[in-house]
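This report refers to the structure that appears directly beneath it.
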Amino acid sequence: MANLHQQTIAVHGGYSPKNGEPRVMPIVQSTTFKYESSDQMANLFALTEAGYFYTRLANPTVDTEAARIVELEGGVAGFCTSSGQAASFYSIFNIASAGDHIISSSNIYGGTYNLFAATFKRMGIDFTFVNPAASLEDLAKEIRPNTKAVFGETLANPALSVLDIEKFAKLAHDAGLPLIVDNTFPTPYLCQPIKHGADIVIHSTTKYLDGHGTSVGGVVVDSGNFDWAAHADKFPGLTTPDPTYNNIIYTDTFGSAAYALKGIVQLLRDLGSSQSPFNAYLTLNGMTTLGLRMERHSSNALAVAEFLEAHPKVKAVNYPGLSSSHCHDLAHKYLPKGCSGVLTFEIDSDAAGPSKLQDALKVIAIATHVADAKSCILHPARTTHAQLSPDALAEAGVSPTQLRLSVGIEDVRDLIADLEQALSHI
Ligand SMILES: *Cc1c(COP(=O)(O)O)cnc(C)c1O
């Protein structure tokens with residue numbers, strides 16, 4: 001059936017069992033797949049016939065997960081990876097090589113920043129980090145002849161700023177470049193970046209897509225909208241023969257799914273970082289409740305943000321759903337169904353206050369993770385950002401008494417009561 005709604009796709013997407021087949025997509029825990037004829041096996045390797053032959057490239061359970069996320073995002077094809085970091089890496093490396101340049105929003109996940117600023121640099125791929133609030137005109141000045149893509153995060157972790165996807169899509173498309181968006185925090189339930197012009201969407205499925213804190217994973221989704229052949233000189237990897245694959249030209253052979261298929265048959269083949277069938281199985285089961293969870297995460301986080309904002313011991317709260325947020329207008333446009341579950345707040349205390357508050361919490365746990373069913377809290381100045389000098393902390397927008405709270409799907413009355421009793425200790 002066409003035009004199904006997001007929560008229906010979250011339950012059924014990518015899998016329609018036939019008569020007598022399992023209702024739940026099973027874990028196909030097999031590295032290999034058997035064939036009757038040597039011709040058929042040769043055809044699979046030559047990519048002239050479709051089918052599974054080795055789980056590093058494709059596996060039925062993992063493919064079901066990818067297909068469900070592709071459907072939720074409104075893309076044409078995609079593939080899962082072993083982690084969100086691998087998805088970020090592949091999304092860039094699929095179209096950039098030594099000597100190339102990428103423009104990225106500076107409001108991105110810390111792990112992505114390290115990957116871009118340090119590891120890609122060692123491979124000869126340079127990044128320019130831009131202030132996402134800058135004007136289109138100023139952003140366009142950063143584009144170089146060797147720029148290959150523009151990158152941003154829908155709802156940045158942990159800055160919680162909302163990306164103006166349409167502005168970034170225009171920046172990219174005016175220069176003949178694709179826009180890659182990390183949509184981890186909203187999930188496709190709260191935002192579909194492709195509808196706003198993104199060409200490639202990636203996720204750390206580790207977060208809300210799994211949603212239960214069980215499985216590290218990632219995914220790359222191809223919208224099918226970017227015309228690689230129209231900019232053939234910029235993307236020779238997609239538009240000229242690949243000698244490692246019978247000289248196929250990806251855009252000729254796979255049409256609008258060229259980017260995704262190149263990622264599978266070339267990058268997954270050569271670099272690995274495939275997702276395990278077991279993690280895919282757990283992520284598929286987690287995704288079944290995606291809509292219910294994202295609605296509850298969003299309503300709980302808004303209620304907690306409002307409670308904290310009114311509390312005398314709280315100096316500031318950063319949550320795009322609050323009308324006081326500097327991103328409220330962008331949130332209204334891109335996140336109309338809710339702003340997901342993560343917020344940060346700053347308490348009015350000495351440097352010891354955040355520790356006292358955390359140690360007093362009973363329901364909300366101290367944990368590094370974010371974005372799953374169970375509420376958790378972290379003090380960036382003593383953990384993720386502990387190696388930064390006071391000046392660098394200020395530059396990163398992290399105050400010494402700031403806390404990051406990932407609001408789970410518990411009864412919000414218990415979360416507020418827990419914060420209230422813990423705040424009384426400072
Ligand atoms: C966690 C995270 C990643 C990295 O994902 P892993 O699955 O931990 O490798 C990338 N982007 C964002 C926005 C994240 O929150």
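The values are calculated or read from the model by the stated rules, or taken from the named source; none is laboratory data. Owing to the predicted nature of the structure, the values given are computational and were not obtained by experimental measurement. Cβ coordinates were reconstructed from backbone atoms using ideal geometry, including for glycine residues, and neighbour counts include every protein chain displayed. Heavy atoms of the whole protein, side chains included, go into the accessibility calculation; ligands, DNA and RNA do not. Shrake-Rupley method; radii C 1.70, N 1.55, O 1.52, S 1.80 Å.
List of remarks:
Matching residues to (1) under 22 Å from residue 181 (Cβ atoms); (2) in contact (Cβ under 8 Å) with a residue 24 or more places away in the chain; (3) small (Gly, Ala, Ser); (4) assigned to a loop (DSSP other than H, G, I, E, B):
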{"site": "211", "(1), (2), (3), (4)": "yes, yes, yes, yes"}
{"site": "234", "(1), (2), (3), (4)": "yes, yes, no, yes"}
{"site": "259", "(1), (2), (3), (4)": "yes, yes, no, no"}
{"site": "267", "(1), (2), (3), (4)": "yes, yes, no, no"}
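- Residue that is surrounded by the most Cβ atoms within 10 Å (Cβ to Cβ), among those in region 323-360 that are at pLDDT 95 or above and among the aliphatic types (A, V, I, L, M): 343
- Lone unmet requirement of (1) open to solvent by less than 50 Å² (accessible area, probe 1.4 Å); (2) touching a residue at least 12 places away in the same chain (Cβ under 8 Å); (3) farther than 24 Å from residue 340 by Cα for residue 380: (3)
- All positions within region 199-212 that are within 16 Å of the ligand (Cβ to nearest atom) and either modelled with pLDDT under 95 or buried (at least 22 other Cβ atoms within 10 Å of the Cβ) (or both): 200, 201, 202, 203, 204, 205, 206, 207, 208, 209, 210, 211
- When residues in region 288-314 are screened for being open to solvent by 20 Å² or more (accessible area, probe 1.4 Å) and part of a helix (DSSP H, G or I), 9 of them pass.
- Residue 226 meets the conditions (1) within 16 Å of the ligand (Cβ to nearest atom); (2) outside any strand (DSSP E or B); (3) buried (at least 22 other Cβ atoms within 10 Å of the Cβ) in every case but one. The failed one is (1).
- Any hit, region 403-412, residues being more than 17 Å from residue 369 (Cα to Cα), surrounded by 15 or more Cβ atoms within 10 Å (Cβ to Cβ) and without any contact (Cβ under 8 Å) to a residue 60 or more places away in the chain: no
- The one condition in (1) under 30 Å from residue 82 (Cβ atoms); (2) open to solvent by less than 60 Å² (accessible area, probe 1.4 Å) that residue 285 fails to fulfil: (2)
- For region 78-88, the count of residues that are away from the ligand (no atom under 16 Å from the Cβ) and in contact with a Ser or Thr (Cβ under 8 Å, 6 or more places away or on another chain) is zero.
- Scanning region 241-257 for residues that are open to solvent by less than 40 Å² (accessible area, probe 1.4 Å) and either of a type in the set (Gly, Ala, Ser) or assigned to a helix (DSSP H, G or I) (or both) returns 245, 250, 251, 255, 257.
- Taking region 374-396 as the range and being in contact with a Ser or Thr (Cβ under 9 Å, 6 or more places away or on another chain) and not β-branched (Val, Ile, Thr) as the test, the residues that pass are 374, 375, 376, 378, 379, 380, 381, 382, 393.
- Test for residue 69: is it outside any loop (DSSP other than H, G, I, E, B), of a type in the set (Val, Ile, Thr) and more than 30 Å from residue 2 (Cβ to Cβ): no
- Residues of region 150-164 classified as more than 11 Å from the ligand (Cβ to nearest atom) and out of contact with any Ser or Thr (no Cβ under 8 Å at 6 or more places or on another chain), total: 2
- Breaking point among (1) open to solvent by less than 10 Å² (accessible area, probe 1.4 Å); (2) away from the ligand (no atom under 16 Å from the Cβ), for residue 371: (2)
- Residue count for region 361-397, restricted to those that are of a type in the set (A, V, I, L, M), in a loop (DSSP other than H, G, I, E, B) and modelled with pLDDT of 80 or more: 8.
- Residue list for region 33-77, filter: among the aliphatic types (A, V, I, L, M), within 16 Å of the ligand (Cβ to nearest atom) and within 19 Å of residue 256 (Cβ to Cβ): 66, 69
- Selection status of residue 49, under 25 Å from residue 223 (Cα atoms), without any contact (Cβ under 8 Å) to a residue 60 or more places away in the chain and not aromatic (Phe, Trp, Tyr): yes
- Single residue of region 344-401 satisfying the filter (charged (D, E, K, R) and more than 27 Å from the chain's Cα centre (by Cα)) that is nearest to residue 324 (Cα to Cα): 348
- Test result for residue 200, of a type in the set (A, V, I, L, M, F, W, C) and free of Cβ contacts under 8 Å to residues at least 12 places away in the same chain: no
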